[in-house]
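Encoded as structure tokens, the structure appears first; notes follow it.
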Amino acid sequence: MTDHEFDLVILGAGSGGYAAALRATQLGMSVGLVEKGKVGGTCLHVGCIPTKALLHSAEVADVTRESAKYGVQSQFGGIDIAAVTAYREEVVSSKWKGLQGLLKARGITTIEGEGRLTSPTTVQVGGDTITGKNVVLATGSYSRSLPGLEIGGRVITSEQALQLDWVPRKVAVLGGGVIGVEFSSVWRSWGAEVTIIEALPHLVPNEDEAISKQFERAFRKRGIDFKLGVRFSGVTQDENGVKVSLENGETVEADLLLVAVGRGPNTQNLGYEEVGIAMDRGFVLTNDRLQTNVPGVYAVGDIVPGLQLAHRGFQQGIFVAEEIAGLDPVVVEDVNIPKVTYSHPEVASIGLSEAKAAEQCGADQIATFDYNLAGNGKSHIIGTSGSIKVVRKKEGAVLGVHMIGDRVGELIGEAQLAVNWEAYPEDIAPFLHAHPTQNEALGEAFLMLAGKPLHAM
């Protein structure tokens, strides 16, 4: 048995945990980072990074099929899943090695093993007691299922989907949120037939309704089937496939059922309740400074109610380290955190949707403009359609930006600045946007809302 003492002990080395560790060391703290698996967590190993590698493979497949349109003679010969896997694993391994090196270079002590909170200042890892003046809980999330829906065999989660060594012929996807549509996009690009089942009225239901409707049209054009506003009722499987039953009496037959109904907080059997941490359905409750009801104990990332995004975890990890150091960092509300869905087409947004803005300000107090990417030269060149929608308060600040189209995720940086700095379109309109870029589309939307459109009516 060994005792270790640090200024800060962090339970979990995913996005939120390791970000807190890195910032804390910059601020002069000694840090013990406890992780039972690999540093980097879900995002690096089974989430953001590997899925985006698959999506890039899918994009290459689509471009290859369409190459003649651009004057390039090529032939799509199918998917070599072993090569895709090698590519994906190389990307993940490279990032993992880089992160390990960064943690070591910053002097962070990484403690391997499953940790359990045993008091407001201690974490037990096997026979070792890790003590900190402050503790950060950052234990991440897991793929949820539905009551009575057992994962196994041909019923899989995103983690198993990443490990498939074959390309399914036909897939059913339960859930039309980010995870569901991203995997649907990959499999369709690889040649599979896909049917999405979503209980809510729209795909990507957390987005502005106008964006969701455009997204549905784009998926329908790609040949992706979806059933909206209908609930799952059961599934049977055999050696040949699955049969998914819906509450309206329909059935969907496929090789696999991907269960993509969200992620749950990984907080069970970790000592949180015993120490007195306030919880709600497994989530750790905090105040707006990310402090729990137990003094000196903070929580970040997917275990805190709200958006489950890696960059939210990064931001919260940095925030907590600065809060402990007494720097009084600025709170960023979830609504002002950028969201990107990396499908084909992409969706990116930040701030209030038109409906939420109308609810908060009054429908007669907001103005919106949709700039169609058909008018954007670079979008035409790369062969994408879509739009940029900006919501503003009349005679006031930009409240939200909502985008759909290939590569629009790369535009979210300027959109974030406009929303978080409460900029007026009139303030942004004089800014130059390089030509030809998709970034010009944002500029055109701001020009329109400022009353001086250039390439829009």
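Taken together, the values in this text are just the output of simple stated rules run on the coordinates, not laboratory data. Note that the structure is a prediction, hence the values are computed from the model and not measured. Reconstructed Cβ throughout: ideal geometry from the backbone, glycine too, with neighbour counts over all protein chains shown.
Within 10 Å, count the other beta carbons around each residue, average over each peptide in 132-138, 266-272, 318-324, 395-401, and list them highest first. Let's see the in-between values first.
Values: 132-138: 26.3, 266-272: 18.1, 318-324: 22.3, 395-401: 20.3.
Per-residue Cβ counts within 10 Å, averaged per peptide and sorted highest first, yield 132-138, 318-324, 395-401, 266-272.
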Where in segment 443-457 does the label zone of GLU410 land, with the point 7 angstrom along Cα→C-beta and an amide N cut-off under 11 Å?
none
Rounded, prolate or oblate: which one fits segment 155-261, using the alpha carbon gyration tensor with axes a ≥ b ≥ c (rounded when a/c is under 1.5, else prolate when a/b beats b/c, else oblate)?
oblate
Could you pull out which residues in segment 1-37 have an amide N less than 20 Å from a spot 7 Å beyond the Cα of THR131, following the Cα-Cβ vector?
1-11, 29-34
Please identify the cysteines of the chain that lack any partner cysteine with a Cβ under 4.7 Å from their own Cβ.
CYS361
Set Lys and Arg Cβ to +1 and Asp and Glu Cβ to -1, take the dipole of segment 155-261 about its Cα centre, and tell me which of VAL155, TRP166, HIS202 lies farthest positive.
HIS202
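What fraction of the DSSP beta bridges in segment 84-214 is antiparallel, stated in percent and rounded to the nearest 5?
65 percent
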Projected onto the charge dipole of segment 285-371 (+1 at Lys/Arg Cβ, -1 at Asp/Glu Cβ, origin at the Cα centre), which of GLY362, ILE337, GLN308 gives the Cα projection farthest towards the positive end?
GLN308
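What's the ranking of 430-440, 117-127 by average number of surrounding C-beta atoms within 10 Å, highest first?
Numbers: 430-440: 15.2, 117-127: 17.7.
Going from most to least packed, we get 117-127, 430-440.
Could you tell me which of the pairs LYS38/LYS170; LYS36/LYS133; LYS170/LYS378; LYS38/LYS213; LYS104/LYS339; LYS170/LYS213 are separated by over 29 angstrom between their Cα atoms in the structure shown? Don't skip to the end; give the middle numbers.
Details: LYS38/LYS170 33 Å; LYS36/LYS133 22 Å; LYS170/LYS378 34 Å; LYS38/LYS213 39 Å; LYS104/LYS339 31 Å; LYS170/LYS213 24 Å.
LYS38/LYS170; LYS170/LYS378; LYS38/LYS213; LYS104/LYS339, as the Cα separations exceed 29 Å there.
For the chain, what does the helix formula give at 222 nm: sum of -39500 (n - 2.57) over DSSP H segments with n ≥ 4, over the residue count, nearest 500 deg cm²/dmol? Working shown, then result.
Numbers: 14 runs with 149 residues, N = 457.
Result for the chain, helices only: -10000 deg cm²/dmol.
With +1 on each Lys and Arg Cβ and -1 on each Asp and Glu Cβ, how big is the dipole of the chain about its Cα centre, in debye rounded to the nearest 20? Walk me through the intermediate numbers first.
On the way: 39 positive and 54 negative charges, 140 e Å.
Using only the charged Cβ atoms, the result is roughly 680 debye.
Give the percent of DSSP beta bridges with both residues in the chain that are antiparallel, rounded to the nearest 5. Provide the component values of the computation, followed by the final result.
Numbers: 46 of 80 bridges.
Restricted to the chain, the bridges split so that about 60 percent are antiparallel.
Pairs of alpha-carbon atoms within less than 8 angstrom and 6+ residues apart define the contacts here; what relative contact order does the chain have, in percent? Intermediate values should be presented prior to the final figure.
Details: 961 pairs, mean separation 68.4, N = 457.
Normalised by residue count, the contact order of the chain is 15 percent.
Please go through segment 241-330 and write out the trypsin sites (Lys or Arg not before Pro) that DSSP classes as loop and that have at most 14 other C-beta atoms within 10 Å.
Working: sites: LYS243, ARG263, ARG281, ARG289, ARG312; in loops: ARG281, ARG289.
Sparse-neighbourhood loop trypsin sites (Lys or Arg not before Pro): ARG281, ARG289.
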